[in-house]
1. Counting alpha carbon pairs within less than 8 Å and at least 6 residues apart, what relative contact order, in whole percent, applies to region 1-143?
2. Could you give the Stokes-Einstein D for region 1-69 in µm² per second, using the C-alpha Kirkwood radius, 20 °C, 1.002 mPa s?
3. Quote to one decimal, in nm, the extra length available between Lys286 and Asp323 on full extension: 0.36 nm per residue of separation minus the C-alpha distance between them.
4. List the aspartates and glutamates whose alpha-carbon lies under 17 Å from that of Lys458, not counting same-chain residues fewer than 8 positions away?
5. Round to a whole angstrom and tell me the spacing of the C-alpha centers of region 198-241 and region 82-116.
6. Computed over the Cα atoms of region 42-153, what is the ratio Rg over Rh, Rh following Kirkwood?
7. Kirkwood Rh and Cα-based Rg: tell me the resulting Rg over Rh for the chain, rounded to two decimals.
8. List the lysines whose Cα sits under 30 Å from the Cα of Lys15, skipping any in the same chain fewer than 8 residues away.
Amino acid sequence: MSKYTSLSDIQAALKDGSTTMVDVVQSYLQRIKETNHLNIYVEVYEEEAFAKAKELDRKLEKDPSCVGGLFGAVASIKDVLCYKDHKLTAASNILGSFTSQFTATAVQRLLDEDVIIIGRTNCDEFAMGSTNEHTRYGPTLNGLDESRVPGGSSGAAAVSVERDTCLIGVGSDTGGSVRQPAAFCGIYGMKPTYGRISRYGLIAYGSSFDQIGLLTKDVDTLSRALTVMSGPDPMDATCLSIEAPAIASADQASKYKIAYIPEVLNHPGLKPEIKKGCEEVIENLKEQGHGCEAIDFDLLSYLVPTYYVLTTAEASSNLSRYDGIRYGLRADDVEDLEELYERSRSEGFGTEVKRRIMMGTFVLSVGYFDAYFTKAQQVRTLIIQRLTEVFSKFDFIVMPTTTDIAWPIGEMIKDPVSMYLADVYTVLANLGGYPAISIPKSSEGLDMPFGIQVMSDKCTEAQLLSFAKQLSIS
Ligand code: GLN
């Protein structure tokens, strides 16, 4: 069977009878087997996917008008999203063999529109990391070069799409975990406005940063899935009470005001080929008649520290619920309650998660709260003020998604600080709560893809996605 890269292609083929849902699922399962060594899935829902495919084929045959809007789409879900009666571990030992008792709102909305969930994907433990190496299941490999990481934390979600084992990867993005792996694997990855998609049923990392995001091979599919997943939800008080975004238009003619940041392009850690690639994109945009202007952004060096102070603080608090009593793993042969907590948490959490709990607990401790946590909150406010100003004058900010191409496996494990510093371009959108997309690009001098990131004002996803379409062909 041929490989479908867009929902419209699959839907057309299903409608004209040139394929069936059973066929589609069969070929995805075949590719899952062929790519088993990449360690993409921690669990494949084979039987279930087949049963749903048969049901959908019957539904289509009976009355094509009664199928859901996303019929034909097959999705993978990252191991941080609740799916009723399915296992869920956040790639952590602490969750043991925990099973979800309910389904995340975003996942339910996909199911309601006839999406088939094919399995759950590997990730960094509790979504903390940039390489998909910090996981109880062992690293996921990049499908384009197996000696490299796929990025993280939604690295396996990106490979699941890139290797055509499904059409849509559902991930989560706290500081770049959807956009960075998209850039490392050469596909699209988008994080919507904070509050656009309900976080009900998403395992929390940094609650004021987390958003569910999408990985696909084309903008239309992404846009249609985003529309389905978005919208108010009484189960999440931070979910915005505004309508879901419209599906991105095919408009290729609009001219926009675009900002770029010289400090970003002159960043010492930025790979020269990516810098060149980004400059070329900006030049092309100018030639096409868009207004491109350099802007000052003197807060760049504060982004990573602010992000890590605040997210580790939130993480240390969110992770306190894993105490060996309520969920998953419980140490046995313990003398007393304190030893139960200590041993369950020591045995259950991995190194990176423990490092973050310690950092978070430190910045929240009585003696250091004002110096770190309060200060970081103040800087976050400054960042938001600056971005509000920028978006009062510009439609988009364009920059690279990452400083580098996908790293060799093992390189970042030895050097967590370098791993943190590499998040410099992606954390901005989460600090401000803005939507951002990574668009895949290639450059002659690079044997791996890189990403161009576009950020836009809050709740302007439809415009962002139609611009992403323009950028993809320029
Ligand atoms: N790499 C970032 C971190 O480790 C982003 C993680 C994420 O977005 N979930 O925190």
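The numbers here are math on the coordinates, done by the rules we state, and not lab data. Since this is a predicted model, take the numbers as computed values, not measurements. Neighbour counts run over all protein chains shown; Cβ positions are idealised from the backbone, glycine included.
1. Across region 1-143, relative contact order equals 26 percent.
2. Values: Rh = 13.1 Å.
Stokes-Einstein gives a translational diffusion coefficient of 164 µm²/s.
3. Numbers: separation 37, 0.36 × 37 = 13.32 nm, distance 5.53 nm.
Separation in residues times 0.36 nm, less the Cα-Cα distance, equals 7.8 nm.
4. The qualifying aspartates and glutamates are Asp173, Asp210, Glu243, Glu389, Asp395.
5. The distance from the Cα centre of region 198-241 to that of region 82-116 comes to 14 Å.
6. On the way: Rg = 16.0 Å, Rh = 15.3 Å.
Result for region 42-153 is an Rg/Rh of 1.05.
7. Details: Rg = 21.5 Å, Rh = 22.4 Å.
So for the chain, dividing Rg by the Kirkwood Rh gives 0.96.
8. Counting by Cα, and skipping residues close in sequence, Lys15 has these lysines nearby: Lys3, Lys33, Lys52, Lys54, Lys59, Lys62, Lys78, Lys217, Lys469.
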